[in-house]
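Only one structure is covered here, and it is reproduced in the block below.
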Amino acid sequence: MLLHINTTSDWQMTARLSNGDQRSEYVSAAILAAQEYCRDNRLQFTDTRRRVLEILLEAELPLGAYAILSQLNDEGFGSQPPVAYRALDFLESNGFVHKVDRLAAYVACANPHQPHSPSFLICRNCGSVQEARITSPHRAVRAAARAGGFRIERESIEAVGICASCSSSGH
Ligand SMILES: [Zn+2]
Ligand SMILES: [Zn+2]
């Protein structure tokens, strides 16, 4: 179950090279913050949970559970789907990652632990996903749900289009 995305576009190669150092600093800071959050909240930040979060922080594109599982398998964490799903459930329910339903894939949250319903801008050309911070559409959805007696369990907004980089390279 891999995503139908182009992972070898020139733009992504360039982005990976030019952002390598910044990205690894960002990843270590995010992992450290996650570790502290788990310690303060008495949550177990196991090696597998940590590695899955790291994989998603390092990824430039959303990853499906099976792509994550195959990486875990290569690194000796185990090959059974629950290994990945349990870690993803933990990370999602504690606000470290989000599932992008449209892509059946996961991304690291851009603002972990600040309660929010995510909004995603999904590029249909390169498959990149940006998490946007918007509140009022979510408020409107919640108000409509309340009015209709509907209990929301999970909510996100997903917009599909062309990202700025693809746009400037003529897509
Ligand atoms: Zn988020
Ligand atoms: Zn794009």
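The values are calculated or read from the model by the stated rules, or taken from the named source; none is laboratory data. Keep in mind it's a predicted model, so treat the numbers as computed, not measured. Note: ideal-geometry Cβ built from the backbone for every residue, glycine included; neighbour counts use all protein chains shown. These area figures cover heavy atoms from the full protein model, side chains too; ligands, DNA and RNA do not enter into them. Shrake-Rupley method; radii C 1.70, N 1.55, O 1.52, S 1.80 Å.
Within the range 106-129, can you find the residues that are touching a Gly at 6+ places or on another chain (Cβ under 6 Å) and more than 8 Å from ligand 1 (Cβ to nearest atom)?
113
Listed here are the residues, each with its yes/no results for (1) modelled with pLDDT under 95; (2) more than 21 Å from residue 123 (Cβ to Cβ); (3) polar (S, T, N, Q); (4) assigned to a helix (DSSP H, G or I).
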{"site": "6", "(1), (2), (3), (4)": "yes, no, yes, no"}
{"site": "14", "(1), (2), (3), (4)": "yes, no, yes, yes"}
{"site": "25", "(1), (2), (3), (4)": "yes, yes, no, yes"}
{"site": "43", "(1), (2), (3), (4)": "no, yes, no, no"}
{"site": "54", "(1), (2), (3), (4)": "no, yes, no, yes"}
{"site": "70", "(1), (2), (3), (4)": "no, yes, yes, yes"}
{"site": "78", "(1), (2), (3), (4)": "yes, yes, no, no"}
{"site": "90", "(1), (2), (3), (4)": "no, yes, no, yes"}
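Go through the range 84-139 and give me each residue that's open to solvent by less than 60 Å² (accessible area, probe 1.4 Å), more than 16 Å from ligand 2 (Cβ to nearest atom) and among the aliphatic types (A, V, I, L, M).
84, 87, 88, 91, 97, 104, 108, 110 - these are the residues of the range 84-139 that are open to solvent by less than 60 Å² (accessible area, probe 1.4 Å), more than 16 Å from ligand 2 (Cβ to nearest atom) and among the aliphatic types (A, V, I, L, M).
Being under 29 Å from residue 45 (Cβ atoms), more than 16 Å from ligand 1 (Cβ to nearest atom) and not in a strand (DSSP E or B) is true for just one of 142, 86, 151, 146. Which residue is that?
Unique residue meeting the criteria: 86.
Mind checking whether some residue in the range 113-134 is farther than 21 Å from residue 166 by Cα and under 11 Å from the mean Cα position of the chain (by Cα)?
Yes, some residue in the range 113-134 is farther than 21 Å from residue 166 by Cα and under 11 Å from the mean Cα position of the chain (by Cα).
With (1) at negative phi; (2) assigned to a loop (DSSP other than H, G, I, E, B); (3) of a type in the set (Lys, Arg) as the list, and residue 39 as the residue in question, which single condition is left unmet?
(2)
Mind listing just one residue for me: the one in the range 92-105 that is in a loop (DSSP other than H, G, I, E, B) and among the hydrophobic types (A, V, I, L, M, F, W, C) and, of those, farthest from ligand 1 (Cβ to nearest atom)?
The qualifying residue farthest from ligand 1 (Cβ to nearest atom) is 104.
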